[in-house]
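What follows is one structure encoded as structure tokens, with my remarks underneath.
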Amino acid sequence: MSVLTRTAIRPDRHSNAHDAFARDVIDGLCARQKHLSAKYFYDAAGSRLFEEITRLPEYYPTRTELGILRARAADIVGPVEPGSVLVEFGSGAATKVRVLLGAVPHISAYVPVDISVDFMNGQATRLMRDFPRLDVLPVAADFTGPFELPAPARGRPLIGFFPGSTIGNFEPREASAFLRRAGHILGPGASLIVGADLVKDEAVLHAAYNDAAGVTARFNLNLLARINRELDADFDLDAFLHRAFYNRARARIEMHLVSLVRQRVRVAGHTIAFDADETIHTENSYKYTPVRFASLARNTGWTRRAMFTDADRYFSVHALIAK
Ligand code: AVJ
């Protein structure tokens, strides 16, 4: 089968993506509890910092999920019809999909969907080199919104892949909306593989988001650096501090950026005032129990065929099928 190259379109300062980013940032910084969406962490610098996080001794999710995928890839993917297409929601470094593609060679096309366009295109090129019989069809889109599958993927058996506990970034109702929308995009007969971090000992959770080397702090602060770079802002990165803690009542890690002083910041023509100790809420990372996740799936058009976990029960991979 031929290799299809498709370079996804790059958002620039005049694009809708840039305008949407500006709007979201201003809206978020004007709210009573200031907040920014975690999806904006992943510019080129942020994607590199996240890759660094995944190698930290304290950050167990990535290596634990990879271990589960390596040990059980064929069982996780389940039966594969000829011509099947793997659709990955938020593809990042595409490390995990390589494990699936290596173990299940009869997948014929791979559709990575990501907003970090340059990073995704680089990974797509490498995948085409390493899997020469695979069609790679990148889609430059925010997978949290509606998007169209590329024409060659339509009408084929579809397997969705949403690893990394990215679903943990969503509020419970957003997670439901995502699973329902994934069902519509993938269609009847589809399957969906989802990685979800599990509720566990709070000290383990706390350490994973407060690493000794300070990489998570740099990752969090990079959001302000990105806003400075892209939205003509003047955040002083030394005037904000990384804070991450486990909110037990809501079963989530919260990340914030704490303003160390009373200060004003200019962002895209607006002036944003901060009190000393006021925070910008930058991320929620929800943790699931196996039962909670099964009921989430059941309520959104899926049934769970199987769940896979590690010996410590730190992380879970769920194989869902459309009801
Ligand atoms: C990519 C959303 C799974 O929540 O653990 C890592 C992002 N934030 N360290 C997570 C993240 C801080 C990560 N996810």
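For the pair Asp232 and Thr289, the difference between a 0.36 nm per residue extended length and the Cα-Cα distance amounts to 16.3 nm. What distance in nm separates the two pseudo spin-label positions at Leu260 and Lys323, each 7 Å out from Cα along the beta-carbon direction? The modelled label-to-label distance comes out at 5.2 nm. Tell me which trypsin sites (Lys or Arg not before Pro) from the stretch 169-264 have a DSSP coil assignment and no more than 14 other beta carbons within 10 Å of their own. Those satisfying the criteria are Arg248, Arg250, Arg262.
Modelled spin labels at Asp312 and Leu241, positioned 7 Å past Cα toward Cβ, are 2.8 nm from each other.
Relative to its Kirkwood radius, the Cα radius of gyration of the stretch 210-323 gives an Rg/Rh of 1.13. Excluding ligands, DNA and RNA, the accessible surface per residue across the stretch 50-157 is 41 Å² with a 1.4 Å probe.
Spin-label pair Asp277-Arg23: with each label point 7 Å from Cα along the Cα-Cβ axis, the two points sit 3.6 nm from one another.
If you roll a 1.4 angstrom probe over the protein chains with everything in place, what fraction of the accessible area of the stretch 55-198 belongs to carbon and sulfur, to the nearest %? Carbon plus sulfur share of accessible area: 55 percent.
The values are calculated or read from the model by the stated rules, or taken from the named source; none is laboratory data. Fair warning: this is a prediction, and the values are worked out from it, not measured in the lab. Methodologically, a virtual Cβ is constructed for each residue, glycine included, from the backbone with ideal geometry; neighbour enumeration extends over all protein chains shown. Accessible surface is based on the protein model in full, side chains and every heavy atom, while ligands, DNA and RNA are left aside. Shrake-Rupley method; radii C 1.70, N 1.55, O 1.52, S 1.80 Å.
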